[in-house]
Every structure is written in C-alpha cells, then in structure tokens.
Amino acid sequence: MRRQVTVTVADSHAGDLADVVARLALAGLEVEQVLTAVGVITGSVEESQLAEIAALPGVAAVEEQTRFQLPPPDAEVQ
Amino acid sequence: MESGEQDSQQEAQTTGRSVVVFADDARGDTAAITAALRSLAGAETDTISFRNLGVAVVAVDPAALTAAIATDGAPSGSIRAVEPERIMHAIAVEEPAAAARFADDDAFTWGLRATGVDATSATGCAIRVAILDTGLDAEHPDFAGRAITARSFVSRPTADDGQGHGTHCTGTACGPADPPQGRRYAIASQAEIFAGKVLDDSGAGTDASILAGIDWAITNGCHVISMSLGANVRTVSAVYETVGRRALAAGTLIVAAAGNNARRADGVLGFVGMPANSPSIMAVGAVDADLAVADFSAASNPVEGGRIDIAGPGVDVYSAWPLPRRTNTISGTSMATPHVAGIAALLSQQTGARAQALWDALVEGAQALDLPASDVGAGLVRAPD
C-alpha cells in the first residue's frame, strides 16, 4: 500500500537537498515536492519501503501525512 | 533628601509610637523583653508585645526611645532596631479583568477593543503576513487596493476562497482600517497580504499543501505566518517542529490555532493539536468577550511544546466573508489566531522585532488574565500603543 509522506531533511543536509532527493528516489520514493526553504520533501512510497527511506543519510524523519479538515462554513465553532 | 514634602509625607504615615525589634537571642525571653521595655519607656507606658515575633509596639516616640537606648545602654544588646510605627493602607484593587465586558460597537469589534487595536498607531506597514487557509475572496471590496499575493497549493488553480474561513481570518489579521461598510474588524491594515490556499473549498488539506504554503511564505520573506488549522493529534510532528525552527531562523514567526477539541461545560479540556503543539510554533487559545476561556478552546498538552502560548479573541468574531454575504460572525481558535498574527505584524513594524524576538514581544506584551496559564498562556494578546 502506498503512503503519502513528508521527509524532513536533517540540518546537516538542509542546504543541499539534491543528494537526498536522489537517494530517496532510488529507494522508491515518488517525489512530489522539494521544499528548499523548509528542507522538506513530500511524496509517496510503498509502506514496505518506509523503514528504508527513514534510514537514508540526510533523512531526519519520515512521517505519514496528516489530513486536515475544517468544519463546514456554517458550523458555530471553526 | 531633596524634598521636605517627602519627609512630611513619611511623618504623616506614622503613628508617633515605636516598633521595637528584639535581638534573636532575646526573642521569646519574656523577662528580658519586659525588663528592656520598662527600663526604656517606664512601667506605665502602653506596650503591646508580640513575643512570637520578638516585636513590641511602645507608646513612645521613636526618637526619644532611640535616645534612651543610647543613654541607658544596658538593654540595647537585646534590641535590634527601633522604627516608627507606620500606617499601612490596603493596596487599591482595580476591577479584575473578569469584570471587563466587551461588545461590538459601531466603530470596532469587541476583539479590537479588548486587545487595544482600537487605540494603536501601528498599521503593520511593510510587514508581510501570510494567511495559510482556504484562500481569499480577492473581489471583496474590503480588500480593494491592497497589496495581495495569492497562490493555491491545492488542486484548484486559483487562491479564490470558495469556503469563507480564509477570507474571515485574512480580514481579522490584515483587513482595512476603514471598511466601506460596518465597524472595523481588522488589525494590520497596511500589511502586505500573502494568501496561500492550503485548504480546498471543502476545508480539507494535507501536510503537503500546508508545508508548501509555509515554504512559499518563507521564500517571499513573510514575517508572520497565520495558520488557523490543526489536527487532533497529541504527539509533536517532527516535520512541523523542524519547519517552525527553520522559519524562526529565516526571520518568520508561525502562529497556529490551538484547536477546538475542548468541551469545558462538560469537563473536557481538550489538548493542543498538531501543528500548534510544536515548540517552535506559537499556540493560540481563545477567550470570549468576558475574557473567559472559550468553551471549545483546547488546554495545554503535556508534550514539550504542547502548551498554550497566548490567547486571542475567538468567540463571536465579526470579519469579512466572501461575497455576496460580505461579513460573518463565527467562533473558534481559528478566529483567535489571526488576532495574534495581526498584532504580531503591528509589533514587528513598530519594534523591528522578528522571529523569536517577536514571539518574546508578544508574550511580554500580553495582558495577564486571571485564568490558568494552561488555558491562556501569557494571557490576552495586546497591541502596542
């Protein structure tokens, strides 16, 4: 099963994401966004590959994406 | 001493009697104290002894008593000090904040009155504020002529707000000082608006869209990012904590809604959710027009960073809404958050403070409330003069 994930790049690699992106792609991450100002890569990966990409050099954390949902606009509390 | 006035003021606040403080050795030694007092003031003099304290009040002028000690010498070893007895007054107690009742009036919303925005000279001019939400109704007359940069990070091609929440939050933080209709509801009326649509028109979004919005705001040099969004997740997310820290390092302060998962009337205090529970992101709780914590406003969460940092007006908040409705009055920590973001822009303009220094300025400037810090943090956000 594919998982939508965020990859937090370690401070040590935050200045140059290209190497980390390449390693993630090789390990099976389908890269969707490379966010250079915050040092984050988003994409999707097979669940079975999660542990492998989390262990790659330059990767500080891999987390499954959270879904955010506002209440409907006519709700009393927003 | 420079002025005799101060002297006479001090005299006026004393009784003419003396307070005698006995040495620690003599304290509790009734015989020694009695002997000392008799030898100094005479057996007939009115005295009140507080033996447990080692203090007595003697109906003799302090100057005369001091002179007697100097002359007699004998009991002075048992006496540590002679002071004039003073008249104390109860410290005047101002009406507690809880008695403050605010209400919308013709000129301002209650929230602007309560936070001092009604009296500030700051406008947020040249400060860039990003509101990451459902977008902005750019056709709204209240935003005519404003510097607006908008971008969509969801599947919709434009940042137009088909929901309303984003327009409402943008209105509070950065709307006009003098709207063409109705009372003023907006704070940083001359800030540059960066409207990032990170939630679609159904109000849904993902980390991917929100993080892309933060990245865009930082790249554009935004000083403040306002995020009236969250998920009911207790644990701190590594990505938001890291991103909040990198934002601060880049000069950007992120404020986020604490969450609406409390039901205080039912005894449910809730907890600060993600991403506001990140230590590097300022968590905003909500108070009502009586400056009581809102029923829905989440309390601090025991994880590191899970505390409420500050509170803002978040109940019955009037602000802009997409046409044709034009305005709407709604509640939530979502509404409290842009109050803090807008005031952050005012402070940033006025003091030059950025990032952590701006965070500190918000906390230091907050009005203390008679409420637990776990509910309102440093208190109610306060605009500079």
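The values are calculated or read from the model by the stated rules, or taken from the named source; none is laboratory data. Computed from a prediction, not measured in an experiment: that's the story for all the values here. In this analysis, Cβ positions are derived from the backbone assuming ideal geometry, glycine residues included, and neighbour counts consider all displayed protein chains.
Among strands (runs of 3 or more DSSP E) entirely within segment B:182-261, having at least 3 residues that are of a type outside the set (A, V, I, L, M, F, W, C) singles out B:192-197.
When restricted to residues that are within 7 Å of another protein chain (Cβ to nearest Cβ) and in a strand (DSSP E or B), segment A:48-75 contains 6. Does segment B:272-287 contain at least one residue that is over 28 Å from A:Thr36 (Cα atoms), at pLDDT 95 or above, touching a helix residue (DSSP H, G or I) at 6+ places or on another chain (Cβ under 6 Å) and of a type in the set (A, V, I, L, M)? The answer is yes; a qualifying residue exists. Taken over segment B:138-176, the criterion of being more than 14 Å from B:Gly213 (Cα to Cα), of a type in the set (Gly, Ala, Ser) and part of a loop (DSSP other than H, G, I, E, B) is satisfied by B:Ala138, B:Ala144, B:Gly145, B:Ala147, B:Gly162, B:Gly164, B:Gly175. The set of residues in segment B:130-183 that are among the aromatic types (Phe, Trp, Tyr) and either farther than 26 Å from B:Pro313 by Cβ or within 14 Å of another protein chain (Cβ to nearest Cβ) (or both) contains only B:Phe153. Just a yes or no: is a residue in segment B:318-329 within 20 Å of B:Ala366 (Cβ to Cβ) and either in the same structural domain as B:Gly166 (by TED's automatic domain parsing) or part of a loop (DSSP other than H, G, I, E, B) (or both)? No. Within segment B:357-375, the set of residues being in a helix (DSSP H, G or I) and either more than 8 Å from the chain's Cα centre (by Cα) or among the aromatic types (Phe, Trp, Tyr) (or both) comprises B:Ala357, B:Leu358, B:Trp359, B:Asp360, B:Ala361, B:Ala373, B:Ser374, B:Asp375.
Would you confirm, using the coordinates I've provided, whether B:Thr109 is within 23 Å of the chain's Cα centre (by Cα) and within 14 Å of B:Gly342 (Cα to Cα)? Spelling it out, it is not the case that B:Thr109 is within 23 Å of the chain's Cα centre (by Cα) and within 14 Å of B:Gly342 (Cα to Cα). Evaluated against (1) at the interface with another protein chain (Cβ under 7 Å from one of its Cβ atoms); (2) modelled with pLDDT of 95 or more; (3) out of contact with any Gly (no Cβ under 7 Å at 6 or more places or on another chain), A:Ala25 falls short on exactly one condition, (1). Residues satisfying the criterion are present in segment B:223-230 (criterion: farther than 28 Å from A:His13 by Cβ, crowded, with 17+ Cβ neighbours inside 10 Å, within 12 Å of chain A (Cβ to nearest Cβ) and among the hydroxyl-bearing types (Ser, Thr, Tyr)).
When the residues of segment B:321-352 are filtered to those that are hydroxyl-bearing (Ser, Thr, Tyr) and more than 27 Å from B:Asp295 (Cα to Cα), the one that is farthest from the other protein chains (Cβ to nearest Cβ) is B:Thr351.
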